[in-house]
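Below is one structure; the comments refer to it alone.
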Amino acid sequence: MTSKEYDVIIVGGGITGAATARDCALRGLSTLLIERGDICDGASGRNHGLLHSGARYAVTDREGAEECIRENRILRRIASNCVEPTEGLFISLPEDGLDYQANFIAKCREAGIDAQAIDPAEALRLEPAINPRIIGAVKVPDASVDPFRLVDAHILDAQRHGADIKKFTAVACLVKENGRVVGVKTAAGEVIRSREVVLAAGIWTAGLAREAGVNIGMMPSKGALVIFGHRIANMVINRCRKPANADILVPGDVVSVLGTTSDKVPIESCDDMRATPAEVDLLLREGEQLVPSLAQTRIIRAYAGVRPLVVADPAGDGRNVSRGIVLLDHEERDGVPGLITITGGKLTTSRLMAEMATDLVCKKVGSSAVCRTAELPLPGSEGRKPSFEDPFVERAAIGRHGTEVSRMDFGKGGEILCECEHVTRAEIAYAVEHFGVRNISDLRRHTRIGMGTCQGSFCIRSVAGALAEILAPDPESAARLADEFVSQYRQERWKGITPVLWGDTLREAEYMQKVNGNEI
Amino acid sequence: MRFDAVIIGGGYAGCTAAGILSDAGMKVCVVSEGLSLSVSGSKTPYAAQSALQKRGVTILRGDRAVGAKVEDGRVLGITTRNLGPGTMLEAPFYILATGKFFSRGLLSDKEHIWEPVFGADVEYGADRTSWFDEDFSAPQPFMGFGVKTDSSARVYVGGKALENLFATGDIVAKGCKEANVTKLIEDYAGRE
């Protein structure tokens, strides 16, 4: 039996792959997206959640800055349910001086970014948590974006326009015939054919390409981040100086994220990225300059992601390498037809990356369909959000899923299981049905379960039970599955807790040890 | 205020010691801040402390020891937050039973772990990376951290064991001795 031949197979279920799948599907191409794990399992799920205005790049990378502000405006429109228009501040401390700020404002304006200098006293009124020593502040249209929600929305739209999504399916290698890439072979041995293959697998792209005889010089650049237990500021707070470590604090839902570092790491380490205590210490030292109260703020956990930077010269620390979009036509570049790579770029510019990749796919397969992704709203962001007679329980679900909440069946249980994020039994059932959730980690990515201030301490047992009841065939195996979920969840969270294990976090850790009956 | 014994900490370890000492006829004072990991909930610790009160034990509920007067290797008294610096709780001997991190018997920052009442010597890993095991369900090193005691469970402060300060319960470092309360009764009964 031969399976169908697709126009295009996209490898990678991060934001780049999801946006490319959506664009291809909207243009009428028969599309398959294949992802080895769950969506957002790589860098797309391990970042600031920052929708750049482009201001950060205005001084050093004019092109990148212009891309950011254009895409920023588009995403606010098409993904209104994923974007929180917080706005951002670039603050100057005495040691930064005001010369950089003057140049910064001029460059922002040249790039089309609305940058307004405001009085330091006014900045402190807007955001009382920032360092009171500031000598200058500039307001820019930065925003907060939920990367999980954004990727989910792209996947849903791709599916609704006919794309097939295969999650939890690793690609073992690309299939080549007479020098041409004609599809992929899965780890299970299945060969799936297509006219074009697009690699959108972030840092994991290099390995797949190499197997097919194509060399892409990729440099994994690790970025570590720290999550604090509440919203310290309502705007994105940046330092007005040359981009450096730990100079951005981003509000995201009920918490705040500080980042990031930038260090070259071995490619082998990318499958198990974790923040280290040393990175956390560095982030805090620098972050306290932005917002002094970070020193006393409860830290929830730390995590790390990998930027897929493409380099000609693989030396350097990764911060001076361009973070521009890299589109590789391997037919032109390497004489390997049928293969395209899209990488580099940013979460903010993912739609543009997808458009560029899809334009190339269309050229290769002879389609003249035009891109419509900048105009059509994503699922969840279409028109007015539904209202409920009894809005309390549903409010958080509307916040997460927007207009999609009308597909949720509250008859399946309106009781709140995760108190921090107000996740109901109905939302869990919805996530299983629509996103193929198999375990608690998947559920977290699609509902934010356990991502609030208690980090699952209070809710995880009832959540695990509810999820297991849906997934397991009988009560006995449900109980076993629930236990597995709980220990998997605890281990996963523990990875993010150990780098910040002191003070209140250490108090909580002792509590968790006792609750779990772990004994010394 | 004078007692036959002052116990700092009203969890399982502190209440147990208080019960044994008061049964032996001693006038005991317990400083109990509140949340304890060793006795869960609110009703159970309340019941235990009420039973002790009925037997004549003085319980300072919701109070915490904030300072200690130490001279020549002996504790002369402690002060509490609620009674203020002017009131000293005095006794021939003292038992430290404040638990670990959760109950704030031990405090910590990025580099240090310390015992806040006496500044007792705490056993812990010098590097924070040695405080934990990556495997959540493995024994965690930090669960073994605590104050260092000698073979009679006397607490070390500045490298020297204080003569009349003993420790018991979770605050004691793994491998160190916990106070033998029966022995304390033998040693101290009828002294004052």
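One table, with the values for the structure above:
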quantity	calculated
Meets criteria (away from every other protein chain (no Cβ under 14 Å) and crowded, with 21+ Cβ neighbours inside 10 Å) for B:LEU96	yes
So A:ARG490, is it within 14 Å of another protein chain (Cβ to nearest Cβ), touching a residue at least 24 places away in the same chain (Cβ under 8 Å), charged (D, E, K, R) and surrounded by 19 or more Cβ atoms within 10 Å (Cβ to Cβ)	yes
Set B:GLY41, B:GLY62, B:GLY119: member being modelled with pLDDT under 95, on the phi > 0 side of the Ramachandran plot and under 16 Å from the mean Cα position of the chain (by Cα)	B:GLY62
Pick from the range B:18-33, criterion part of a loop (DSSP other than H, G, I, E, B) and in contact with a strand residue (DSSP E or B) (Cβ under 8 Å, 6 or more places away or on another chain), ranking: surrounded by the fewest Cβ atoms within 10 Å (Cβ to Cβ)	B:LYS27
Within the range B:132-176, tally of residues that are within 18 Å of the chain's Cα centre (by Cα) and away from chain A (no Cβ under 14 Å)	21
Candidates A:PHE388, A:PHE435, filtered to the one that is surrounded by fewer than 23 Cβ atoms within 10 Å (Cβ to Cβ), at pLDDT below 85 and not hydroxyl-bearing (Ser, Thr, Tyr)	A:PHE388
For B:MET88: the one exception among (1) farther than 30 Å from B:CYS29 by Cβ; (2) surrounded by fewer than 19 Cβ atoms within 10 Å (Cβ to Cβ)	(1)
Residue in the range A:343-364 that is outside any helix (DSSP H, G or I), out of contact with any Leu (no Cβ under 6 Å at 6 or more places or on another chain), at positive phi and crowded, with 20+ Cβ neighbours inside 10 Å present	yes
Residues of the range B:66-100 classified as outside any loop (DSSP other than H, G, I, E, B) and under 19 Å from B:GLU178 (Cβ atoms), total	5
All positions within the range A:304-315 that are over 20 Å from the mean Cα position of the chain (by Cα) and either at pLDDT 55 or above or surrounded by 14 or more Cβ atoms within 10 Å (Cβ to Cβ) (or both)	A:VAL311, A:ALA312
Residue in the range B:113-131 that is more than 9 Å from chain A (Cβ to nearest Cβ), outside any strand (DSSP E or B) and touching a His at 6+ places or on another chain (Cβ under 9 Å) present	yes
Unique match (being touching a residue at least 60 places away in the same chain (Cβ under 8 Å) and touching a Ser or Thr at 6+ places or on another chain (Cβ under 7 Å)) among B:ALA189, B:ALA179	B:ALA179
Selection from the range A:1-31 of residues that are surrounded by fewer than 24 Cβ atoms within 10 Å (Cβ to Cβ) and in contact with a Phe, Trp or Tyr (Cβ under 7 Å, 6 or more places away or on another chain)	A:SER30
The listed residue being away from chain B (no Cβ under 12 Å), crowded, with 18+ Cβ neighbours inside 10 Å and among the hydrophobic types (A, V, I, L, M, F, W, C), out of A:ALA479, A:ALA468, A:ALA472	A:ALA468
Among (1) touching a residue at least 12 places away in the same chain (Cβ under 8 Å); (2) surrounded by fewer than 20 Cβ atoms within 10 Å (Cβ to Cβ) - the single one B:TRP114 does not satisfy	(1)
B:LEU89 being over 15 Å from A:ARG507 (Cβ atoms), at pLDDT 95 or above, more than 9 Å from chain A (Cβ to nearest Cβ) and more than 12 Å from the chain's Cα centre (by Cα)	yes
Residue identified as outside the structural domain of A:ALA21 (by TED's automatic domain parsing) and farther than 26 Å from A:ASN72 by Cα among A:ARG133, A:ARG180, A:ARG195	A:ARG133
Test for A:GLU286: is it among the acidic types (Asp, Glu), in the same structural domain as A:ALA115 (by TED's automatic domain parsing) and in contact with a strand residue (DSSP E or B) (Cβ under 9 Å, 6 or more places away or on another chain)	yes
Sole residue being more than 23 Å from A:ASP281 (Cβ to Cβ) and surrounded by fewer than 20 Cβ atoms within 10 Å (Cβ to Cβ), chosen from B:ASP121, B:ASP109, B:ASP133, B:ASP127	B:ASP121
Number of the exception - B:PHE101 against (1) surrounded by 14 or more Cβ atoms within 10 Å (Cβ to Cβ); (2) more than 19 Å from B:GLY146 (Cα to Cα); (3) in contact with a strand residue (DSSP E or B) (Cβ under 8 Å, 6 or more places away or on another chain)	(2)
Of residues in the range B:163-192 being of a type in the set (A, V, I, L, M, F, W, C) and closer than 21 Å to B:LEU107 by Cα, the one surrounded by the most Cβ atoms within 10 Å (Cβ to Cβ)	B:ALA167
Subset of the range A:228-255 (residues that are under 19 Å from A:ALA117 (Cα atoms) and basic (Lys, Arg))	A:ARG239, A:ARG241, A:LYS242
Conditions (1) surrounded by fewer than 17 Cβ atoms within 10 Å (Cβ to Cβ); (2) at positive phi; (3) small (Gly, Ala, Ser); number of the one not met by A:SER406	(2)
Number of the condition not met by A:GLY450 [criteria: (1) away from chain B (no Cβ under 14 Å); (2) more than 26 Å from the chain's Cα centre (by Cα); (3) not charged (D, E, K, R)]	(2)
Residue count, the range A:411-429 (criterion: touching a Cys at 6+ places or on another chain (Cβ under 7 Å) and either part of a loop (DSSP other than H, G, I, E, B) or outside the structural domain of A:GLU469 (by TED's automatic domain parsing) (or both))	2
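Matching residues to (1) buried (at least 24 other Cβ atoms within 10 Å of the Cβ); (2) more than 25 Å from A:GLY324 (Cβ to Cβ); (3) not aromatic (Phe, Trp, Tyr):
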site	(1), (2), (3)
A:VAL191	no, yes, yes
A:GLY207	no, no, yes
A:ARG210	no, no, yes
A:ASN215	no, no, yes
A:MET219	no, no, yes
A:LEU225	yes, no, yes
A:GLY229	no, yes, yes
A:VAL236	yes, no, yes
A:LYS242	no, no, yes
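The values are calculated or read from the model by the stated rules, or taken from the named source; none is laboratory data. Since the structure is predicted, the reported quantities are computational estimates derived from the model, not experimental observations. Quick reminder, even Gly has a Cβ in these numbers, built from the backbone with ideal geometry, and neighbours come from all protein chains shown.
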